[in-house]
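Trainee: There's a structure below that I have some questions on.
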Number of protein chains: 2
Amino acid sequence: MGVVLNIENAKPDVASIKDLIDLTAADMGRVNELILSKAGSDVEMIPQIANHLISSGGKRLRPMLTLAAAQMFGYRGDGHVKLATSVEFMHTATLLHDDVVDESGMRRGKKTARMIWGNQASVLVGDYLLGQAFRMMVEVGSLEALDILSSAASIIAEGEVMQLAAAKNLETTEDEHFAVIKAKTAALFSAAAEVGPVVAGASRTDRAALRSYGMNLGLAFQLIDDALDYGGSSTDLGKNVGDDFREGKVTLPVILAYRRGTAAERAFWKRAIEEGRADDTGLEKATGLLARHGAVADTISRARHFGEIARDALAPLDATPQKSALIDVIDFCISRVS
Amino acid sequence: MGVVLNIENAKPDVASIKDLIDLTAADMGRVNELILSKAGSDVEMIPQIANHLISSGGKRLRPMLTLAAAQMFGYRGDGHVKLATSVEFMHTATLLHDDVVDESGMRRGKKTARMIWGNQASVLVGDYLLGQAFRMMVEVGSLEALDILSSAASIIAEGEVMQLAAAKNLETTEDEHFAVIKAKTAALFSAAAEVGPVVAGASRTDRAALRSYGMNLGLAFQLIDDALDYGGSSTDLGKNVGDDFREGKVTLPVILAYRRGTAAERAFWKRAIEEGRADDTGLEKATGLLARHGAVADTISRARHFGEIARDALAPLDATPQKSALIDVIDFCISRVS
């Protein structure tokens, strides 16, 4: 298994989100304008920090999901642009707070905001962006969309606390781990996809389809990300391979290798992850253990499982260019490691 | 000028919010139940941290404002209880993040959450409470109330960033300082008061009256708080006199004394506030300089000015027990230092 490419920074060879990009290009132009205007403030540090993250080369997958999902049901207004921007702001706010919580130094190949402007500003500008996200949602005027996105905000934070509480705990079960990534990552993908049909006035069935698609896509996305951390290269990822290992993060590859390991291997993982005595020699050993137990390969196979559910969630819907583009996103996510 | 009492912990001799407490007692019972239920989560750290702050003896002035303001216009539903709880959650989330930003060790005479559970958990539980606040607002279903409270959330965060950017800058003008406290403190008082008439379907004039009342009450409240920091006693305040001084906070008493001071005095303030070389001898000297320039007395007189505006904002409204209770709140705030 070799890693091909990273969704955030480059074009994949295997599968492509080109159709999604093309279909949402015009709307994304408006999202980008709205991002710049709503991240503005007379308080200089706010646009500085917001732009640092916003301009740092993310592919803006989440807002594209919202736009395509709204188009899919013939939406004609401009509410989807505001909701897509809200989704991106929620994501940006989460990244700002995450980097503070994880004490991260780098993100997408750049210094994190907290390294340049400090933890304090990162916390507060995150709060500001979250407030601005809610203001935009309110402007759209859909109480259902507000319900979905505000619930996601709670769930994401709850997932982050769950992760913090379980930090460095190698006894975390696979189910407990899925609960964490479902909350901290998949809930926003799910909400992003569901508010599309909601603003377009689609049926409950269609809403449920997009919600399920987003949730399962988000799970696959996170699992592939965790697999990539033990198999990508620094330039592809915008972070270094083994970052999760060095930070002592308990991701699925580690959970599987730990559960399948011998007593001696478990002692190694305890030293490395729980006691933080990991180094680059440790990384080499860890990679060897992961390979021995097929832990990365099985993480990818779990991701494929969720990808299949996402695909079937969309199956009953009419064939549209948007539907086909959303299915491409699943393949694209998985193909990052194929 | 001697400090009599603190709003958070004891009964005042001079003016009382007893009528406000009595009028809102039944509704506050429901607010307290809702606080417990909505601060709940299977993730143990969330209720632990939330309860630490929520049970720490605050008088819950802000939610009482919402409840009384809704009652005043004959509101009969239960939306005001949810909005009042949302307001308290927004306030609690702000305190959690503030303590991280200010690196505070104590609040209301207890260790801050960050000292017990760490900065990371404080940031994330703050985010969770903010998410829960928005969910409750959405349940009420008033887009106008959502607009007011989500705007307040942005403005509060913007004010906090403004304060961070101006931190330790003694050249801050009085106007710039008012802009900060208007955003970081008064905006929530204003929103708390305004959503009362909004949920009760009161007229635009009535809404504007309560909004103005809340804003000016909030300004008076913050200025009195800043004055108390140079004149209260530790037990009254739940923090030590001189905390703001030791933390190098540029509050109005300091701004006035600095602007009115000699070159030598300014050099003292620079050393103490900007360079952080303040100690208890410094505090004694600072208190002397504040007295020489009437800086605390004039801070209180600025507070009275805003208190008068708050009073006049309510003047045109019909006489009701709620109106009279809200006017008592102004007197109560000011009387803390009389």
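Every number in this text was worked out from the coordinates using simple rules, so none of it is lab data. Because the structure is a prediction, the values reported are computed rather than measured. In this analysis, Cβ positions are derived from the backbone assuming ideal geometry, glycine residues included, and neighbour counts consider all displayed protein chains.
Trainee: Once you keep just the Cα pairs under 8 angstrom separated by 6 or more residues, what percentage relative contact order results for chain B?
Mentor: Relative contact order comes out at 25 percent.
Trainee: Taking all pairs of different Cα atoms in the protein assembly as shown, averaging 1/r and flipping that mean, what Kirkwood radius in angstroms comes out?
Mentor: Across the protein assembly as shown, the inverse of the average 1/r is 26.5 Å.
Trainee: Now, a different point. Using label points projected 7 Å from each Cα along Cα→Cβ, tell me how many nm separate B:Arg304 and A:Lys270, to one decimal.
Mentor: 6.9 nm
Trainee: When the helices in chain A are scored as -39500 (n - 2.57) per DSSP H run of 4 or longer and the sum is shared across all residues, what 222 nm value do you end up with, to the nearest 500 deg cm²/dmol?
Mentor: When only DSSP H runs of four or more count, the value is -22000 deg cm²/dmol.
Trainee: Can I ask one more? How crowded by other chains is A:133-145, given as the mean number of beta carbons from other chains within 10 Å of each beta carbon?
Mentor: 5
Trainee: Between B:Glu284 and A:Arg311, what is the label-to-label distance in nm when each label sits 7 Å out along the Cα-to-Cβ direction?
Mentor: According to this spin-label approximation, the distance is 8.0 nm.
Trainee: Something else about it: Counting other C-beta atoms within 10 Å, and keeping those with at most 15, which DSSP coil GluC sites (Glu not before Pro) do you find in the stretch B:254-324?
Mentor: Sparse-neighbourhood loop GluC sites (Glu not before Pro): B:Glu275.
Trainee: Ok, one more. Just for the Cα atoms in the stretch B:157-205, what are the lengths along the principal axes, largest first, rounded to whole Å?
Mentor: Sorted from largest, the Cα extents of the stretch B:157-205 read 44, 18, 11 Å.
Trainee: Within 10 Å of each Cβ in peptide A:33-44, how many partner chain Cβ atoms are there on average? Round it to a whole number, please.
Mentor: Mean shielding by partner chains, rounded to a whole number: 2.
Trainee: A further question on this structure: Divide the volume of the convex hull of the Cα atoms of chain B by its number of residues and quote the answer in cubic angstrom per residue.
Mentor: 118 Å³
Trainee: Here is a follow-up. So how much slack lies between A:Glu139 and A:Asn51, counting 0.36 nm per residue of separation and subtracting their Cα-Cα distance, in nm?
Mentor: 29.4 nm
Trainee: Here's something else I'd like to know. Label A:Ala26 and B:Lys18 with points 7 Å out from Cα along Cα→Cβ: what is the distance between them in nm?
Mentor: 6.9 nm
Trainee: I'd like the orientation of helix A:79-102 relative to chain A: the angle between its Cα long axis and the longest Cα principal axis, in ° from 0 to 90, rounded to 10.
Mentor: 30 degrees
Trainee: Right, another one. Take the cross-link list A:Lys111/B:Lys38; B:Lys110/B:Lys184; A:Lys110/B:Lys182; A:Lys59/B:Lys184 and give me the ones stretching past 28 Å between alpha-carbons.
Mentor: Among A:Lys111/B:Lys38; B:Lys110/B:Lys184; A:Lys110/B:Lys182; A:Lys59/B:Lys184, the Cα-Cα distance tops 28 Å for A:Lys111/B:Lys38; A:Lys110/B:Lys182; A:Lys59/B:Lys184.
Trainee: Looking at the P(r) of the stretch B:47-166, how many percent of alpha-carbon pairs lie beyond 16 Å?
Mentor: Summing the P(r) of the stretch B:47-166 above 16 Å gives 63 percent of all pairs.
Trainee: Now for a separate question. Under 5 Å between amide H atoms, partner at least 5 residues away or on a different chain: which partners does B:Thr251 have, H built in plane at 1.01 Å?
Mentor: Residues meeting the criterion, in which the H sits 1.01 Å from N, do not exist here.
Trainee: Please list, by residue number, every one of the trypsin sites (Lys or Arg not before Pro) in the stretch B:51-106 that is coil in DSSP and has at most 10 other beta-carbon atoms within 10 Å.
Mentor: Within the stretch B:51-106, the qualifying trypsin sites (Lys or Arg not before Pro) (loop, at most 10 other Cβ atoms within 10 Å) are B:Arg76.
Trainee: Something else now. Amide H to amide H under 5 Å from A:Arg107: which residues, 5+ apart in sequence or cross-chain, H placed 1.01 Å off N in plane?
Mentor: A:Thr112
Trainee: Now for a separate question. List the GluC sites (Glu not before Pro) in the stretch A:107-196 that DSSP assigns to loop (not H, G, I, E or B) and whose Cβ has at most 14 other Cβ atoms within 10 Å. Which are they?
Mentor: Hits after loop and neighbour filter: A:Glu171.
Trainee: Taking Rh as the Kirkwood radius, which is the inverse of the mean 1/r over Cα pairs, what is the Rg/Rh value for the stretch B:219-338?
Mentor: Rounded to two decimals, Rg over Rh is 1.08.
Trainee: Please find the FRET efficiency linking B:Ser324 to A:Thr173, where r is the Cβ-Cβ separation and R0 is fixed at 41 Å, and quote it to the nearest 0.05.
Mentor: The formula returns an efficiency of 0.10 here.
Trainee: Could you run the Karplus curve 6.51 cos²θ - 1.76 cosθ + 1.60 with θ = phi - 60° over the stretch A:150-166 and give me ³J(HN,Hα) per residue in whole Hz, x for Gly and Pro?
Mentor: Working through the residues one at a time gives 6, 4, 4, 4, 5, 5, 4, 5, 4, x, 5, 5, 4, 5, 5, 5, 8 Hz.
Trainee: Where the only charges are on Cβ atoms (+1 Lys, Arg; -1 Asp, Glu), what is the dipole of the protein assembly as shown about its Cα centre, to the nearest 20 debye?
Mentor: 160 debye
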